[in-house]
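Just below is one structure, and these are the notes that go with it.
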Amino acid sequence: MTKGGRKAALRHAAAIGRTMYVVMYYDDRGMKRMVRKQVYIEPRQERFLKRRARELGVTEAELIRDGIELLDSARPAGASRGSALKAFFGVIDARMRLQVPQTGRDWTREDLYEERLARHAR
């Protein structure tokens with residue numbers, strides 16, 4: 001959208017009472033900055049969102065955007081649940097193939113419990 005086109009859009013939006021949306025979604029160069037999304041959340045999520053936004057002094061929308069950014073930055077590039085699960089099972093398989101020397105213990109778990117109970121009963 002050109003600067004002249006943005007001005008025309010602002011005039012039109014003002015005439016129909018929608019100035020807020022045009023200003024919110026376009027920057028100085030007439031480029032879109034935001035995409036409007038409507039989502040459904042549970043009542044408990046709404047109460048949390050309202051309370052947390054009030055506590056932090058931000059809008060609910062800003063809090064949602066921050067949450068999306070946090071999720072995006074927490075996932076390594078190219079990672080997916082499938083690849084993470086495959087890597088996890090690879091580690092487990094490698095551990096199971098380890099040759100761990102057995103010491104031939106001569107005690108049982110019950111023996112340890114009995115010994116501990118006897119020690120604390122004194």
Problem - Residue check, Glu55 modelled with pLDDT of 65 or more, part of a helix (DSSP H, G or I), acidic (Asp, Glu) and surrounded by 10 or more Cβ atoms within 10 Å (Cβ to Cβ) - result: no
Fill in the blank from the handout: Given (1) exposed (fewer than 10 other Cβ atoms within 10 Å of the Cβ); (2) at pLDDT 90 or above; (3) in a helix (DSSP H, G or I), Gln45 misses just (1)
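The values are calculated or read from the model by the stated rules, or taken from the named source; none is laboratory data. Remember, it's a predicted structure, so these values are computed and weren't measured experimentally. Note that we place each Cβ from the backbone using ideal geometry, even for glycine, and neighbour counts take in every protein chain shown.
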